[in-house]
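The next block holds one structure in the form of structure tokens; read it before the comments.
The values are calculated or read from the model by the stated rules, or taken from the named source; none is laboratory data. Small disclaimer: the values here were computed from a predicted structure and weren't measured. Because the Cβ atoms are built from the backbone with ideal geometry, glycine has one as well, and the counts that use them run over all protein chains shown.
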Amino acid sequence: MASLWKFILLIMESWFYLHAFSFYLYFSFRWAMYIYNQNFLLNNFRWCNIKLCPGANRLIKHLSLHNVPMALASNSQRTSIESKISYHQGWKKSFSAIIAGDEVVAPKPSPEM
């Protein structure tokens with residue numbers, strides 16, 4: 001009879017640890033995703049407020065006005081690229097192709113990019 005009680009206690013203890021561990025995994029993952037999303041939003045906000053190089057806006061507008069085809073290749077994710085260039089008026093439609101790092105097999109400096 002004593003071994004039965006030991007077995008029951010072992011099962012109850014295992015059940016507790018299993019649920020405690022699954023609770024930890026669930027909330028640690030959610031916390032990590034929350035931190036990642038906050039960091040992503042903050043970094044995009046910072047990038048959008050960075051000043052352009054002198055003459056960059058004028059160059060993009062001039063090339064676009066004269067129908068010079070332009071492409072943009074970046075190792076950043078597409079969502080990040082689009083949020084950065086959408087801050088500048090008319091830039092998104094100026095590029096005939098935008099290639100993001102998450103859309104290619106081998107990012108820069110690979111020739112594929």
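Of the helices (runs of 4 or more DSSP H) lying entirely inside the stretch 1-89, those carrying at least 2 residues that are modelled with pLDDT under 70 are 2-48.
Selection of first residues in the stretch 73-92 that are within 23 Å of G55 (Cβ to Cβ) and of second residues that are among the hydroxyl-bearing types (S, T, Y) and in a loop (DSSP other than H, G, I, E, B), restricted to Cβ pairs under 7 Å at least 6 apart or on distinct chains, gives the following pairs, ordered by first then second residue: I81/S74; K92/S86. Residues of the stretch 96-113 that are surrounded by 10 or more Cβ atoms within 10 Å (Cβ to Cβ), in contact (Cβ under 8 Å) with a residue 12 or more places away in the chain and of a type outside the set (D, E, K, R): S96, I98, I99, A100, G101, P107, M113.
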